[in-house]
Amino acid sequence: MEDGNRKVQYLVTLAVSLAAVTTGALYLSWTTAVIPKFYNNETDIHLTDTGISWMAAISSPGFVAGSLASRFISDKVGRRATLLSSALPVTIGSIATISGSNVWIICVARFLWGIGTGMVSTVSSIYLAEIADKEIRGSLIVANRFFVNFGVFLMLAIGSFVSYRTINYVTLVLPICYFVSCWLVPETPYYYLKEGKVDEARKVLKKLRGFKTEKPLEDELSAMRTDVGKEMRRSGTVKELFTGKQYRKAIIIIAGLKIGQMMTGVVVIQHYLGRIMQDSRSDMNLATVFVVFGALRFGVGIMSSMIADKVGRRTLLVYSFFGTGLSLSLVTAYFCGQEVIKIEQSKLTSYAVIVFIGIILYSIISTLGYNSIIYAVQGEIFPLNVKSLAMTCLNIFGGALNFLVTKTYQPLKNVSGTFGVFLLFTVMSFATSVFVYFYIPETKGKSLSEIQELLQGKYYDDANVQVTNVVNDDKDGTELKLLENKDT
């Protein structure tokens, strides 16, 4: 980028990532911090195993609802407005946890946090993919996931040492902070071009890229307009998404990755970390477990953002799924000895650290790999006309999987023991690694249009449609129009 600089892109990413801190703290790790407090009767609220499973799982339907809402908000009023509006349900949910004194109020709060997280998750990858240079796009999206891990660490570090009520007061500060930060960010140039507002797109692009001369600005804007024209010539309906052959490979890729991510236990281990360590009969202090888990995940998140655009998406996905399979095998082996072979606990307790080591290795490898890279991939592989819809459908699918896996953890554990649960997670890790190796292409270093050419093949450059730039001197400046050439 010889004629500009990327300082604004980094600052915008930092502002947007404060929303990711909130989702990491509330949606992912609030339950991790408070579930042991419920079991130890450190609160005024009494929860059974069933109540706790509902509390952990109910945020997933909220996640689905938030994804549906963002589908319409992000295309109607913009990506920035979606980020801002997501702070409302999160704030209301935090107020509910402060004032709530029974199970159903806590479940309502968790549902509202799910709504906010669904909105943030749907739009943040889209937003960052549309404002970033292709050379740093992966790093910026993965950096956003790093801030999710920071939110996890923040909640676990604070929640391990303070009361339940103090934790809930902390949750109220977070959405207020990210609302203020996101108020300062611009809309994306792709969204403006989609709406035909070329002058606004030009101003935003100049600010984001820091161009000093007009030529590189106009060259990139022209390339963007051509890409938008190609992608917007088709409809953005549900029918178009699921029947269009040009989207089939992208759908299979992202659905396979999401199944692999959820079925390797990423959410279950996060929510039930304290209970898993208690089941292992380890003598490790839970506060120590939480802080080490959160700190390592946070530290590795920094590394993942640095290597995303150097190593490549596909390579990281293959090795991280395979590596988590090996790590989870350690946990599976321990619980096999405890629950299947039934080794005396007095002899087994000294080896309980294996569970902690396996989970820590799992967390490090998955954070370095697929738990971060998946969000870069999903922001890249869908064209503009169906991007918001595709992200919404993906989050609905992921939310349903999340609910299913989280809610069935306790019943499955009752039937097969912790051994059976981790055996399933291990098998799914290895299976997803094989899927990635044989099916997913590399997208590192490619522009959004080059990725579409790679995935859509002959369907991307339809010879029956030409995209033509037509100059118009109206208020919005240049207007993009599509002309169909039936003679070609």
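Considering SER67, SER53, the condition of being hydroxyl-bearing (Ser, Thr, Tyr), touching a residue at least 24 places away in the same chain (Cβ under 8 Å), farther than 24 Å from LEU154 by Cα and in a helix (DSSP H, G or I) is satisfied by SER67 alone. Annotation: ALA109 fulfils all but one of (1) free of Cβ contacts under 8 Å to residues at least 12 places away in the same chain; (2) open to solvent by less than 30 Å² (accessible area, probe 1.4 Å); the unmet one is (1).
Taking the numbered list (1) within 30 Å of GLU339 (Cα to Cα); (2) within 19 Å of the chain's Cα centre (by Cα) in turn, ASN414 passes all entries but (2).
Looking at THR349, THR367, just one residue is buried (at least 18 other Cβ atoms within 10 Å of the Cβ), part of a helix (DSSP H, G or I) and in contact (Cβ under 8 Å) with a residue 12 or more places away in the chain, and that residue is THR367. Residues of region 263-288 that are more than 25 Å from PHE403 (Cα to Cα), part of a helix (DSSP H, G or I) and either free of Cβ contacts under 8 Å to residues at least 12 places away in the same chain or β-branched (Val, Ile, Thr) (or both): THR288 alone.
Can you tell which of LEU241, LEU257 is in contact (Cβ under 8 Å) with a residue 60 or more places away in the chain, under 30 Å from LEU154 (Cβ atoms), open to solvent by less than 20 Å² (accessible area, probe 1.4 Å) and out of contact with any Pro (no Cβ under 8 Å at 6 or more places or on another chain)? Criteria check complete, one pass: LEU257. Of all the numbered requirements in (1) assigned to a helix (DSSP H, G or I); (2) without any contact (Cβ under 8 Å) to a residue 60 or more places away in the chain; (3) open to solvent by 20 Å² or more (accessible area, probe 1.4 Å), TYR10 misses one, and that requirement is (2).
Of the listed requirements (1) of a type in the set (Gly, Ala, Ser); (2) in contact with a Pro (Cβ under 9 Å, 6 or more places away or on another chain); (3) modelled with pLDDT of 85 or more, GLY4 misses just one: (3).
Residues checked against (1) in a loop (DSSP other than H, G, I, E, B); (2) within 16 Å of VAL120 (Cα to Cα):
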| residue | (1), (2) |
| --- | --- |
| LEU84 | no, yes |
| PRO89 | no, yes |
| ILE95 | no, no |
| SER101 | yes, no |
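The values are calculated or read from the model by the stated rules, or taken from the named source; none is laboratory data. The model shown is predicted, which means the values in this text are computed figures rather than measured ones. Using ideal geometry, Cβ is built from the backbone for each residue, glycine included, and neighbour counts are taken over all protein chains shown. Accessible surface is based on the protein model in full, side chains and every heavy atom, while ligands, DNA and RNA are left aside. Shrake-Rupley method; radii C 1.70, N 1.55, O 1.52, S 1.80 Å.
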